[in-house]
Amino acid sequence: MTICVCVYNFVFKECGVDKKFPPIMNPDNNDLSNDLLDVIGKDEATDYYPLKAILLILCALLCFSCMDTTIKYLVMKYNAPLVVAIRYIVHCSLMAVILIPTYGKRLVKTQRTGLVLVRGTCLLIVSIFIGSALKFMPVAEMTAIAFLAPMLVMLMARPVLGEKIGVLGWVAALGGFLGVLMIVRPGSGLNMMAVFYMVFAVIANALYQLLSRVLANTERTITLLFYTALIGAVCLGVTLPWHLEGESPDAVTILLFLSIGVTGGVGHFLYTKAFRHAPASMIAPINYLQLLWSGILGWIIFDHVPDKFSILGMCIIAISGVLIAVKSISPGAFSLDFVKHFFIRNK
């Protein structure tokens, strides 16, 4: 927490980032459009309570880590597509029950339906590959490798969206790559098939995030969220008869199956709710604390503790991700002109 506060203070005080952007109204926040005002409430959408936002984000990240940990536990007994299918079906059912009475047909109305469907399919592919990887890979290592996606998005954004990478971006991308090499190095004990699964998951996740940015200007955020759940529920739901293998689930296992949809849904709700009380610029670096939750849960449930090199690699990935967050918040941060100005001013 102290590290996050220090990073936050440095970003806003030294990098010249305008912290007066109201929550969810930050123009650089392409993933969360103003339609979230309809979800979290217009009257309270600009209440600036950063501590409350941090607590909400920490709870959301804990939900995501609980979901990943539960999925790992279940895929050790059942097929990954079965586990992921139930997650999407429960998640979609919750969204339908909660949102359809309020939105009706607006919930499924889109302007670029083809891209919306491709985006949802990308996330479905991500979920299947992550579920398959978790069968052989610890949760913390999986989470760390998954955090490569924002770095790949940054690299892909140059040819696709015409965005500049800059020195900071290249340093962050190189750091993230080196961090992953430390985690998957020879002798780490990681299953190489699981590593390949995660490589495909990262690529699909990067495409998903790029499409999110492309569609943010034309589609309602709540509609995009619903379509991702709907596509996963439909596509994997029809394949359930071919994946009903393994031992018959007892009452506890059934609750675990249901919990992955609930924790995923609650996590997304809390994550969205946090933007009522703080701007995306403050929230982005905190996302990497999910590595901490994943490490703790992996230790408690599976008695797994990453070795020192893996922990170092995770730290490098987290720092690289924070640098990318700083770059997205303030494109001029850590540029050569900024560095010269910073050191001249502080002589």
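The values are calculated or read from the model by the stated rules, or taken from the named source; none is laboratory data. Source: prediction; values computed, not measured. Counting neighbours? That spans all protein chains shown, and the Cβs are built from the backbone with ideal geometry, glycine included. For the accessible areas, the whole protein counts, side chains as well, though only heavy atoms, and no ligand, DNA or RNA atoms are used. Shrake-Rupley method; radii C 1.70, N 1.55, O 1.52, S 1.80 Å.
Considering 225, 244, 168, 236, which residue is assigned to a helix (DSSP H, G or I), more than 20 Å from residue 68 (Cα to Cα) and of a type in the set (A, V, I, L, M, F, W, C)? When all the criteria are applied, what remains is 168. For the range 176-193, the criterion of being at pLDDT below 80, of a type in the set (D, E, K, R), out of contact with any Lys or Arg (no Cβ under 9 Å at 6 or more places or on another chain) and under 25 Å from residue 124 (Cα atoms) is met by none of the residues.
Number of residues in the range 144-164 that are modelled with pLDDT of 75 or more and not in a helix (DSSP H, G or I) equals 2.
I'd like to check something: does the range 216-238 contain any residue that is in contact (Cβ under 8 Å) with a residue 24 or more places away in the chain and over 23 Å from the mean Cα position of the chain (by Cα)? Taking every residue of the range 216-238 in turn, at least one turns out to be in contact (Cβ under 8 Å) with a residue 24 or more places away in the chain and over 23 Å from the mean Cα position of the chain (by Cα).
Among the residues in the range 181-190, are any of a type outside the set (Asp, Glu), open to solvent by less than 40 Å² (accessible area, probe 1.4 Å) and closer than 30 Å to residue 96 by Cα? No, every residue in the range 181-190 fails to be of a type outside the set (Asp, Glu), open to solvent by less than 40 Å² (accessible area, probe 1.4 Å) and closer than 30 Å to residue 96 by Cα. For the residues 99, 82, the requirement of being among the aliphatic types (A, V, I, L, M) and either surrounded by 23 or more Cβ atoms within 10 Å (Cβ to Cβ) or over 20 Å from residue 256 (Cβ atoms) (or both) singles out 99.
Of the residues 225, 255, 230, 236, which single one is of a type outside the set (Asp, Glu), over 20 Å from residue 100 (Cβ atoms) and open to solvent by 30 Å² or more (accessible area, probe 1.4 Å)? Going through 225, 255, 230, 236 in turn, just one is of a type outside the set (Asp, Glu), over 20 Å from residue 100 (Cβ atoms) and open to solvent by 30 Å² or more (accessible area, probe 1.4 Å): 255.
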